[in-house]
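To start, the structure itself, in structure tokens.
The values are calculated or read from the model by the stated rules, or taken from the named source; none is laboratory data. Everything quoted here is computed from the prediction, not taken from an experiment. Cβ coordinates were reconstructed from backbone atoms using ideal geometry, including for glycine residues, and neighbour counts include every protein chain displayed. Heads up: the accessible areas ignore ligands, DNA and RNA and are worked out on the full protein's heavy atoms, side chains in. Shrake-Rupley method; radii C 1.70, N 1.55, O 1.52, S 1.80 Å.
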Amino acid sequence: MLRANRIETLTPMLFLMLAATTPTAIYAGVETVHPVVRIGFPVALAIIGVLGFAVLMHNRGRRMSVRRARRMIAESTWLSGTTGAMCSSWTVMNWLAAPPETHSYYAMVMAMGSLATAYCLSSIRFATFVNLLIGLVPISFLMLTSGIAPEIAAGTSLVVATIFLLRMILQQHDQLIDLLELQHQMRDLAHTDPLTGVANRRAFDMRLDEEIAKADEASPFAIALLDLNGFKPINDQHGHAIGDGVLCELAERLRRACGDHAVVARQGGDEFAILVPAGSPLLETALADHILAALAAPYRIGGQAIGVGAGIGTAYWPEHGDSARKLLEVADRALYAAKAAGRAPMSSVESVGRVA
């Protein structure tokens, strides 16, 4: 999407410049060159330039999606390759038909056009390589083999400039990858609990909002809130390192119990939340009992067996609420009702409706 956004920003002026050079190209064409190449190619390029500019300006401001970005990259690749081939054919045929003293004009036109195109398409490495290959290799070969010293010198300079540009494009691509990886790492850090490695409150709230936005009556989902019983005495008696170990082990058990079928998040302290999305097989189970069963065994931290209980409350969309606030309120009341019931170290209430 970043590559497509760059193309969408840079290429409108490239299309406009392509159309603007058409009159001079027709005027400078050698009369002995076939009219299809001498006049037809510039006219076709002008039409492509005008249409391309109009389409890009019309689409400017549209939301960029992955699908649209891929289509834009593919279209830019084949369209730039086609126009590059037409420009290169026009240049080579006019060069061969023109007197030596005018060769520099055709070389300059082709070189400037190819380098400008390569810059605009630099985010697409394949398209850049294709355009430089089609646009500069033929004219560079003609210049280097002309036997005229100034043209050989100019051809050499063009080859060096092309190699330098290719190196910059490769470096830019690597920098883009590094930037995306850094953004990905920062996003993970922003949405991950640093102690347990599960999602944090912010990530849970975002996923819950996304689930509500796409939910429908035929696809219910559930949330669960979990709180440890007697966690503070563990910190007091064994130290915070042991307490942290209990939290990490609990988070790992929750991950194993939920697998890829739910999102486990730490809300803070000893409070955890679970989002079971629509279509998850966990919705077919007694959710609270399934989770508590995974937490029942003692926690062995630092060679010590630590026993700790937990309470859990659940809420289902849309039965218990049609908003994140209502669902969290229902699950929170169910959690504290379960903890107040005190029937066992591990206790649960499926919803407020069952507390009474």
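Key figures for this structure:
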item: Output for the range 130-164, where each listed residue is under 34 Å from the mean Cα position of the chain (by Cα), more than 20 Å from Glu8 (Cβ to Cβ), surrounded by 15 or more Cβ atoms within 10 Å (Cβ to Cβ) and among the hydrophobic types (A, V, I, L, M, F, W, C); result: Leu132, Leu133, Ile134, Leu136
item: Neighbours by Cβ (under 8 Å, 6+ apart or cross-chain): first from the range 279-290, over 11 Å from Thr314 (Cβ atoms); second modelled with pLDDT under 85 and of a type in the set (Ser, Thr, Tyr); result: Gly279/Ser219
item: Single condition Gly155 does not satisfy, out of (1) in contact with a Leu (Cβ under 6 Å, 6 or more places away or on another chain); (2) within 21 Å of Leu18 (Cα to Cα); result: (2)
item: Output for the range 59-109, where each listed residue is under 35 Å from the mean Cα position of the chain (by Cα) and surrounded by 21 or more Cβ atoms within 10 Å (Cβ to Cβ); result: Met72, Ser76, Ser80, Thr83, Gly84, Cys87
item: Matching residues, the range 280-307, being loosely packed, with under 11 Cβ neighbours inside 10 Å and either at pLDDT 85 or above or under 34 Å from the mean Cα position of the chain (by Cα) (or both); result: Pro281, Glu284
item: Subset of the range 308-328 (residues that are more than 20 Å from Ala257 (Cα to Cα) and either open to solvent by less than 50 Å² (accessible area, probe 1.4 Å) or part of a loop (DSSP other than H, G, I, E, B) (or both)); result: Trp317, Pro318, Glu319, His320, Gly321, Asp322, Ser323, Ala324, Leu327, Leu328
item: Every residue from the range 251-285 that is under 16 Å from Tyr299 (Cβ atoms), assigned to a helix (DSSP H, G or I) and acidic (Asp, Glu); result: Glu252
item: Unique residue being closer than 26 Å to Ala340 by Cα and touching a helix residue (DSSP H, G or I) at 6+ places or on another chain (Cβ under 8 Å) when the list is Asp227, Asp236, Asp209, Asp205; result: Asp227
item: Tally, over the range 47-56, of residues that are open to solvent by less than 80 Å² (accessible area, probe 1.4 Å) and either of a type in the set (D, E, K, R) or in contact (Cβ under 8 Å) with a residue 24 or more places away in the chain (or both); result: 5
item: Failed criterion for Ala273 (all others in (1) surrounded by fewer than 19 Cβ atoms within 10 Å (Cβ to Cβ); (2) aliphatic (A, V, I, L, M); (3) under 23 Å from Asn200 (Cβ atoms) hold); result: (1)
item: Residue match in the range 93-101 (condition: at pLDDT below 90 and within 18 Å of Leu16 (Cβ to Cβ)); result: no
item: Test: Ser123 is open to solvent by less than 40 Å² (accessible area, probe 1.4 Å), in contact (Cβ under 8 Å) with a residue 12 or more places away in the chain, within 14 Å of Ala161 (Cβ to Cβ) and among the polar types (S, T, N, Q); result: no
item: Helices (runs of 4 or more DSSP H) wholly inside the range 1-120 that include at least 1 residues being more than 23 Å from Ala161 (Cα to Cα); result: 2-20, 22-28, 41-59, 66-97
item: Index of the failed condition, Arg202 passing every other in (1) surrounded by fewer than 16 Cβ atoms within 10 Å (Cβ to Cβ); (2) modelled with pLDDT under 85; result: (2)
